[in-house]
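Data first, discussion second: the structure below is written as C-alpha cells.
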Amino acid sequence: MELGLGDCVRYLLLLLHRNGVPFSFRKHYQWHLAFYDLKETPEIADKPRFLHDLFFDWDRLYPKCQALEEFLNALCTTGCVETTSPRYEEWNLPKNIAELWSQHFEALDEPTKRFLNAALAIAQARFQKTGQGR
C-alpha cells in the first residue's frame, strides 16, 4: 500500500497514542515541523511518494503545508480525535477509532511500518521540544 498524507497522519496519531506521547491540535506548528523534517531528512528510508510532492510555505516563522493543515482540521471536526481538556491542549483517539486504525496498521508491510516508526521518532522529538504537544 502506498501511503498518502491522510494515511500517514492517521497512523502517526495511532503510534503517538500507543506510545503515550501527548499530542495536540490546539496549535499545528509542531505537526508542520514534523512533516517538514520527514520530507527533508535524507536518512529516512522508504519514504512514501506524497512526501516528495508536499509543498511547504515559509510565509511564517515555520514551514506550513496547507494540505496538512486541512487534514488536521478535518480530524478535529469529524470526531476522529477528541479532547476533554477545556483549553483544547490534550487530545486522544477514541477507543473505536484506535481499534479500527490498529487493524489497518497491522496489515501494512514492513518497509511502511519502518517509515512510520521513523516518523514517530521525529514527531515525538518535535512534540517534546514544544511542550509535549501543546
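The values are calculated or read from the model by the stated rules, or taken from the named source; none is laboratory data. A quick note: this is a predicted structure, and the numbers were derived from the prediction, not measured. Cβ atoms come from the backbone with ideal geometry, glycine included; neighbour counts cover every protein chain shown. Heavy atoms of the whole protein, side chains included, go into the accessibility calculation; ligands, DNA and RNA do not. Shrake-Rupley method; radii C 1.70, N 1.55, O 1.52, S 1.80 Å.
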Exercise. If you roll a 1.4 Å probe over the chain with all protein chains in place, what percent of the accessible area is carbon or sulfur?
Worked result: 49
Exercise. Can you name the helices of the chain, as whole DSSP H runs, whose Cα span along the helix axis is 27 Å or more and whose Kyte-Doolittle mean is not below -1.0?
Worked result: 110-129
For this session: For segment 1-131, calculate the relative contact order in percent as a whole number, restricting contacts to Cα pairs under 8 Å that are 6 or more residues apart.
Result: 39
Exercise. Summing -39500 (n - 2.57) over the DSSP H runs of n ≥ 4 in the chain and dividing by its residue number, what mean residue ellipticity at 222 nm do you reach, to the nearest 500 deg cm²/dmol?
Worked result: -18000 deg cm²/dmol
For this session: State which entries of LYS27/LYS95; LYS27/LYS64; LYS64/LYS95 exceed 21 angstrom in Cα-Cα distance in the structure shown.
Result: LYS27/LYS95; LYS64/LYS95
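Solvent-accessible area per residue for the chain at a 1.4 Å probe radius, Å²?
Counting only protein heavy atoms, the per-residue value for the chain is 54 Å².
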For this session: Please list, in chain and number order, the residues 5+ apart from CYS65 or on another chain whose amide H is under 5 Å from its amide H, with Hs placed from the backbone.
Result: ASP57
Exercise. Per Stokes-Einstein, at 4 °C and 1.567 mPa s, what whole-number D in µm² s⁻¹ belongs to segment 1-73, with the Kirkwood radius over Cα pairs as the hydrodynamic radius?
Worked result: 100
For this session: With all protein chains present, calculate the accessible area of ARG126 using a 1.4 Å probe and round the result to the nearest 10 Å².
Result: 50
Problem set entry | Binned Cα-Cα distances of the chain, short to long, each 5 Å bin given as a whole percent | 2, 10, 21, 25, 23, 14, 5, 1
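I need the GluC sites (Glu not before Pro) found in segment 1-93, filtered to DSSP loop residues with at most 14 other beta carbons within 10 Å of theirs.
Counting only loop positions with at most 14 other Cβ atoms within 10 Å, the GluC sites (Glu not before Pro) in segment 1-93 are GLU2, GLU43.
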